[in-house]
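This report concerns only the one structure given below.
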Amino acid sequence: MLSFKYALEIFGGIIVLFSVIPLIRHDFWAFRVFEYPRIQKLFLNLLIIILYASLFQISGQFEKIFTAVITANAIYLVYQIFPFTFLAKKALLKASFQDEDNQISIISSNVFQDNKNTAGCLAILEKNSPDLILLLETDQFWNEGTKKLGETYPFQVLVPLENTYGMLLYSKLELIDSEVRYLIDEEIPSIKTQVKLASGKLIQLYCVHPTPPVPGENMYSTERDAELLLVAKEVKDNNMPTIVVGDLNDVAWSYTTNLFAKISGLLDPRKGRGFFNTFHANYPFLRFPLDHVFCSTDFKLLSLKRLENFNSDHFPILISLQYEDQADMEQEEPEADEEEKELAEEKINKVTE
């Protein structure tokens, strides 16, 4: 029993360490990757507290200090994920009326390039029939396998690649001034386009899929952070109703994603509604919210759903938004302070200078 007590103390120390490491603002993957499993860390943290308090007497000084530290860590983790629970304030308000001509629905799905289930993907897309479809990790196989979408989605920006960073954008709504851009890396594309709603209103759409900070992909988060923040600065300057969608390879509660929201002024519709974990589809305990949709305060939410899987390692996500003239007067736009603006410039300059 004593050995189990020691094991809990060691494991508790590791959980605390993994919670503290992301506070070090370093771009090396080992510092950034521990931002991902906050829900998992909280679950394990609470389990340790329950077992330790139930099985052992908290009488000695070490036991009291250990219990206090592990409890404080649990409170800290709750604080970090609280904005994405149903108890928190909603960042994006729910639409209170229907204006179909100013609505837009989008499915974003990382298909997993090695996945060959194009039929399953097409079935989900047909069932939900969104206005726009963004498929990521799409190679030539997926380009050929989804050509049928062209029958109902006449507006397209197709960038099939064999490096797991291909993008296929299909739209029922007219796309204007579409650009395929390589903001940081000549092998990592992003899409910028205007979308004309049925009302004639133009909105700006950005589709992104930067590299993750993990061994085998990119040892540092520098390029991912810079790409996201470059888009964020553009969004802030364009003064158009804007949507940013894609696999950001970052969790919703990370410092970088929070900085992106503040620099861009965009809202996260998950805040106050839930985690909407999209990755990894095959491992329920190891799921994180990596697939994102951010929008400007010009929109209100109609619906947000995680859809069923079709053999990918990501779940697709479906969002429906409504543009409203007065929405920006009713919602609070995130704002960066001077220190955060300087940090964003520093991250961008690391790559672009």
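The values are calculated or read from the model by the stated rules, or taken from the named source; none is laboratory data. If you're wondering where the values come from, they're calculated on a predicted model, not measured in any experiment. Note that each Cβ is placed from the backbone with ideal geometry, even for glycine, and that neighbours are counted across all protein chains shown. These accessible areas exclude ligands, DNA and RNA; they are computed on the full protein's heavy atoms, side chains included. Shrake-Rupley method; radii C 1.70, N 1.55, O 1.52, S 1.80 Å.
Name every residue in the stretch 124-155 that is over 22 Å from H292 (Cα atoms) and of a type in the set (G, A, S), in order of residue number.
Once the filter is applied, which keeps residues that are over 22 Å from H292 (Cα atoms) and of a type in the set (G, A, S), the stretch 124-155 yields G145, G150.
Is at least one residue of the stretch 56-65 part of a loop (DSSP other than H, G, I, E, B), surrounded by 12 or more Cβ atoms within 10 Å (Cβ to Cβ), modelled with pLDDT under 95 and under 19 Å from the mean Cα position of the chain (by Cα)?
No, the stretch 56-65 contains no residue that is part of a loop (DSSP other than H, G, I, E, B), surrounded by 12 or more Cβ atoms within 10 Å (Cβ to Cβ), modelled with pLDDT under 95 and under 19 Å from the mean Cα position of the chain (by Cα).
Looking for something of a type outside the set (A, V, I, L, M, F, W, C), in a loop (DSSP other than H, G, I, E, B), open to solvent by 10 Å² or more (accessible area, probe 1.4 Å) and touching a strand residue (DSSP E or B) at 6+ places or on another chain (Cβ under 7 Å) - is there at least one such residue anywhere in the stretch 106-115?
Within the stretch 106-115, none of the residues are of a type outside the set (A, V, I, L, M, F, W, C), in a loop (DSSP other than H, G, I, E, B), open to solvent by 10 Å² or more (accessible area, probe 1.4 Å) and touching a strand residue (DSSP E or B) at 6+ places or on another chain (Cβ under 7 Å).
Evaluate the following for N102: is it modelled with pLDDT of 95 or more, over 24 Å from V251 (Cβ atoms) and surrounded by fewer than 17 Cβ atoms within 10 Å (Cβ to Cβ)?
For N102, the condition - modelled with pLDDT of 95 or more, over 24 Å from V251 (Cβ atoms) and surrounded by fewer than 17 Cβ atoms within 10 Å (Cβ to Cβ) - is not met.
Filter the stretch 283-312 down to residues that are modelled with pLDDT of 95 or more and either hydroxyl-bearing (S, T, Y) or assigned to a loop (DSSP other than H, G, I, E, B) (or both), then give me how many there are.
10
Exactly one condition in (1) assigned to a helix (DSSP H, G or I); (2) modelled with pLDDT of 95 or more is not met by A53; state its number.
Failed condition: (2).
Could you identify the single residue in V251, V231, V180 that is of a type in the set (V, I, T), part of a helix (DSSP H, G or I) and in contact with a strand residue (DSSP E or B) (Cβ under 8 Å, 6 or more places away or on another chain)?
V231
Applying the selection to the stretch 235-252, what residues are in contact (Cβ under 8 Å) with a residue 12 or more places away in the chain and open to solvent by 20 Å² or more (accessible area, probe 1.4 Å)?
Answer for the stretch 235-252, where residues must be in contact (Cβ under 8 Å) with a residue 12 or more places away in the chain and open to solvent by 20 Å² or more (accessible area, probe 1.4 Å): K236, N238, M240.
Take the stretch 86-103 and flag every residue that is charged (D, E, K, R), in a loop (DSSP other than H, G, I, E, B) and closer than 20 Å to F294 by Cα.
Passing the criteria: K89, K90.
Picking from F285, F294, F275, F299, which residue would you name as being under 23 Å from P130 (Cβ atoms) and open to solvent by 40 Å² or more (accessible area, probe 1.4 Å)?
F275 is the lone residue from the list that is under 23 Å from P130 (Cβ atoms) and open to solvent by 40 Å² or more (accessible area, probe 1.4 Å).
Go through (1) outside any strand (DSSP E or B); (2) open to solvent by 20 Å² or more (accessible area, probe 1.4 Å); (3) modelled with pLDDT of 95 or more for K192 and report which single condition fails.
Only one criterion is unmet by K192, namely (1).
Only residues that are of a type in the set (S, T, N, Q) and either touching a strand residue (DSSP E or B) at 6+ places or on another chain (Cβ under 9 Å) or more than 17 Å from T85 (Cα to Cα) (or both): list them for the stretch 257-303, please.
Across the stretch 257-303, the qualifying residues are T257, S264, N277, T278, N282, S296, T297, S303.
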